[in-house]
Amino acid sequence: MPSAPPGSRSGLERVNPPHLAPPTGFSHAVRAASGTMVFLAGQTALDGSGRIVGAGIVEQFERALSNLLEVAAASGAGPSDLAKLTVFAVDIADYRRHAADIGRVWKRLVGGEYPAMAVIGATRLWDETALVELEGIAVVR
(Lines give C-alpha, C1' and ligand atoms only; values in the text may rest on other atoms or scores of the structure.)
Protein backbone atom coordinates (compact mmCIF):
# COMPACT_ATOMS: atom_id res chain seq x y z
CA MET A 1 0.00 0.00 0.00
CA PRO A 2 1.49 3.40 -0.91
CA SER A 3 2.43 5.64 1.93
CA ALA A 4 4.08 9.02 2.09
CA PRO A 5 5.43 10.08 5.47
CA PRO A 6 4.12 13.39 6.79
CA GLY A 7 6.40 16.27 5.91
CA SER A 8 8.31 14.31 3.28
CA ARG A 9 10.04 17.15 1.50
CA SER A 10 11.38 15.12 -1.41
CA GLY A 11 8.10 13.72 -2.65
CA LEU A 12 9.20 10.12 -2.19
CA GLU A 13 6.43 7.61 -1.69
CA ARG A 14 7.21 4.32 0.08
CA VAL A 15 5.26 1.48 -1.53
CA ASN A 16 4.69 -1.64 0.59
CA PRO A 17 1.85 -3.79 -0.81
CA PRO A 18 -0.09 -5.48 2.00
CA HIS A 19 -0.05 -8.92 0.31
CA LEU A 20 3.76 -9.09 0.48
CA ALA A 21 5.68 -9.93 3.63
CA PRO A 22 5.96 -6.80 5.78
CA PRO A 23 9.30 -5.12 5.15
CA THR A 24 11.62 -4.77 8.12
CA GLY A 25 14.31 -2.12 7.74
CA PHE A 26 13.59 -1.41 4.05
CA SER A 27 10.74 -0.50 1.70
CA HIS A 28 9.69 -2.78 -1.15
CA ALA A 29 9.72 0.19 -3.54
CA VAL A 30 10.11 3.95 -3.47
CA ARG A 31 8.36 6.00 -6.13
CA ALA A 32 9.83 9.41 -6.84
CA ALA A 33 7.73 12.41 -7.78
CA SER A 34 9.34 14.89 -10.11
CA GLY A 35 12.73 15.91 -8.85
CA THR A 36 16.44 15.62 -9.41
CA MET A 37 18.13 12.28 -8.96
CA VAL A 38 21.44 12.26 -7.11
CA PHE A 39 23.58 9.16 -7.55
CA LEU A 40 25.73 8.55 -4.48
CA ALA A 41 28.96 6.64 -5.04
CA GLY A 42 29.91 3.75 -2.80
CA GLN A 43 31.17 4.84 0.59
CA THR A 44 33.20 2.74 2.99
CA ALA A 45 34.44 3.51 6.49
CA LEU A 46 37.23 5.79 5.25
CA ASP A 47 38.28 8.62 7.52
CA GLY A 48 39.47 11.99 6.19
CA SER A 49 42.99 10.69 5.65
CA GLY A 50 41.86 7.70 3.59
CA ARG A 51 42.15 4.98 6.24
CA ILE A 52 39.42 2.46 7.06
CA VAL A 53 38.26 2.97 10.66
CA GLY A 54 36.17 0.70 12.85
CA ALA A 55 37.06 -2.81 13.87
CA GLY A 56 33.67 -4.42 13.29
CA ILE A 57 30.74 -4.33 10.91
CA VAL A 58 28.62 -2.00 13.09
CA GLU A 59 31.35 0.62 13.45
CA GLN A 60 32.21 0.43 9.76
CA PHE A 61 28.52 0.62 8.77
CA GLU A 62 28.11 3.75 10.89
CA ARG A 63 31.12 5.46 9.32
CA ALA A 64 30.12 4.42 5.77
CA LEU A 65 26.56 5.66 6.34
CA SER A 66 27.87 8.92 7.82
CA ASN A 67 30.09 9.38 4.77
CA LEU A 68 27.16 8.67 2.43
CA LEU A 69 24.93 11.15 4.29
CA GLU A 70 27.67 13.78 4.13
CA VAL A 71 27.96 13.35 0.35
CA ALA A 72 24.17 13.48 0.06
CA ALA A 73 24.02 16.70 2.10
CA ALA A 74 26.72 18.26 -0.08
CA SER A 75 24.44 17.43 -3.03
CA GLY A 76 21.40 19.01 -1.41
CA ALA A 77 19.82 15.76 -0.20
CA GLY A 78 18.76 14.89 3.32
CA PRO A 79 18.33 11.44 4.88
CA SER A 80 14.63 11.30 3.95
CA ASP A 81 15.55 11.90 0.29
CA LEU A 82 17.23 8.48 0.00
CA ALA A 83 15.22 6.45 -2.50
CA LYS A 84 17.58 3.47 -3.02
CA LEU A 85 20.43 2.07 -0.96
CA THR A 86 22.65 -0.89 -1.77
CA VAL A 87 24.79 -2.41 0.96
CA PHE A 88 27.74 -4.56 -0.07
CA ALA A 89 29.01 -6.74 2.78
CA VAL A 90 31.99 -9.11 2.75
CA ASP A 91 30.33 -11.33 5.38
CA ILE A 92 26.53 -11.54 5.12
CA ALA A 93 26.29 -13.79 8.19
CA ASP A 94 28.15 -11.18 10.26
CA TYR A 95 25.88 -8.44 8.89
CA ARG A 96 22.80 -10.47 9.85
CA ARG A 97 24.17 -11.22 13.32
CA HIS A 98 24.53 -7.48 13.91
CA ALA A 99 21.32 -6.42 12.13
CA ALA A 100 19.71 -5.05 15.31
CA ASP A 101 22.75 -2.87 16.09
CA ILE A 102 22.98 -1.74 12.47
CA GLY A 103 19.28 -0.89 12.63
CA ARG A 104 19.86 1.28 15.71
CA VAL A 105 22.64 3.13 13.86
CA TRP A 106 20.24 3.66 10.93
CA LYS A 107 17.48 5.03 13.16
CA ARG A 108 19.90 7.37 14.95
CA LEU A 109 21.40 8.78 11.74
CA VAL A 110 18.48 8.55 9.29
CA GLY A 111 15.28 7.99 11.25
CA GLY A 112 12.40 5.61 10.69
CA GLU A 113 12.02 5.96 6.91
CA TYR A 114 13.63 3.31 4.77
CA PRO A 115 14.58 3.45 1.10
CA ALA A 116 14.30 0.50 -1.24
CA MET A 117 17.28 -1.57 -0.12
CA ALA A 118 19.39 -4.58 -0.98
CA VAL A 119 22.26 -6.25 0.85
CA ILE A 120 24.67 -8.03 -1.46
CA GLY A 121 27.53 -10.31 -0.50
CA ALA A 122 30.91 -9.35 -1.93
CA THR A 123 34.14 -11.35 -1.92
CA ARG A 124 36.04 -8.18 -1.09
CA LEU A 125 35.73 -4.44 -1.55
CA TRP A 126 38.10 -1.92 -3.12
CA ASP A 127 39.59 -1.12 0.27
CA GLU A 128 40.84 -4.51 1.45
CA THR A 129 40.03 -3.92 5.14
CA ALA A 130 36.53 -2.59 4.42
CA LEU A 131 33.73 -4.85 5.66
CA VAL A 132 30.86 -2.88 4.15
CA GLU A 133 30.19 -0.35 1.38
CA LEU A 134 27.03 1.67 0.80
CA GLU A 135 25.85 3.35 -2.40
CA GLY A 136 22.58 5.08 -3.02
CA ILE A 137 20.23 7.21 -5.03
CA ALA A 138 18.49 10.28 -3.59
CA VAL A 139 15.75 12.42 -5.11
CA VAL A 140 15.63 16.13 -4.33
CA ARG A 141 13.38 18.91 -5.56
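The values are calculated or read from the model by the stated rules, or taken from the named source; none is laboratory data. These numbers come from a predicted model, not from an experiment. Neighbour counts run over all protein chains shown; Cβ positions are idealised from the backbone, glycine included. Just so you know, the surface numbers come from the protein's heavy atoms only, side chains and all, with ligands and any DNA or RNA stripped out. Shrake-Rupley method; radii C 1.70, N 1.55, O 1.52, S 1.80 Å.
Can you pull the Kirkwood radius for the chain, inverse mean 1/r over Cα pairs, to one decimal in Å?
It is 15.4 Å.
Would you work out the relative contact order for the chain, in percent, from Cα pairs under 8 angstrom that are 6 or more residues apart?
Here the relative contact order equals 34 percent.
Whole-Hz Karplus ³J(HN,Hα) for region 14-27, in order, using 6.51 cos²θ - 1.76 cosθ + 1.60 and θ = phi - 60°, x for Gly and Pro?
Taking θ as phi minus 60°, the curve returns 7, 10, 9, x, x, 7, 8, 4, x, x, 10, x, 6, 10 Hz for region 14-27.
Looking at region 83-141 from every direction and averaging, what is the projected area of its Cα convex hull in nm²? Spell out each step's value before the answer.
Working: hull surface 18.7 nm².
Quarter of the Cα hull surface area: 4.7 nm².
With the other protein chains left in place, how much accessible area per residue, in square angstrom, belongs to the chain at a 1.4 angstrom probe? Let's see the in-between values first.
Values: 7590 Å² over 141 residues.
For the chain, the solvent-accessible area averages 54 Å² per residue.
Just need log10 I(q)/I(0) for region 32-107 at q = 0.11, 0.17 Å⁻¹, Debye formula, equal scatterers on the alpha-carbon atoms, no solvent, rounded to two decimals.
The calculated log intensity ratios at q = 0.11, 0.17 Å⁻¹ are -0.31, -0.70.
Roughly how big is the chain's charge dipole about its Cα centre, with Cβ charges of +1 (Lys, Arg) and -1 (Asp, Glu), in debye to the nearest 20? Don't jump to the answer; show the numbers that get you there.
Values: 13 positive and 14 negative charges, 92 e Å.
That gives the chain a dipole magnitude of about 440 debye.
Packing-wise, with mean Cβ within 10 Å as the measure, how do 55-61, 88-94, 22-28, 128-134 rank, highest first?
On the way: 55-61: 18.6, 88-94: 16.3, 22-28: 13.6, 128-134: 21.1.
Ranking the peptides 55-61, 88-94, 22-28, 128-134 by packing returns 128-134, 55-61, 88-94, 22-28.
Taking the chain as a Gaussian network, where each spring joins two C-alpha atoms under 10 Å apart, which residue of 115, 17, 79 fluctuates the most?
Looking only at 115, 17, 79, the largest GNM fluctuation is found for 17.
Could you tell me what percent of the accessible area of region 4-141 is made up of carbon and sulfur, with a 1.4 Å probe and every protein chain present?
For region 4-141, the apolar C and S fraction of the accessible surface comes to 56 percent.
Among 90, 38, 48, whose Cα sits farthest toward the positive end of the charge dipole of the chain (+1 at Cβ of Lys/Arg, -1 at Cβ of Asp/Glu, about the Cα centre)?
Selected residue: 38.
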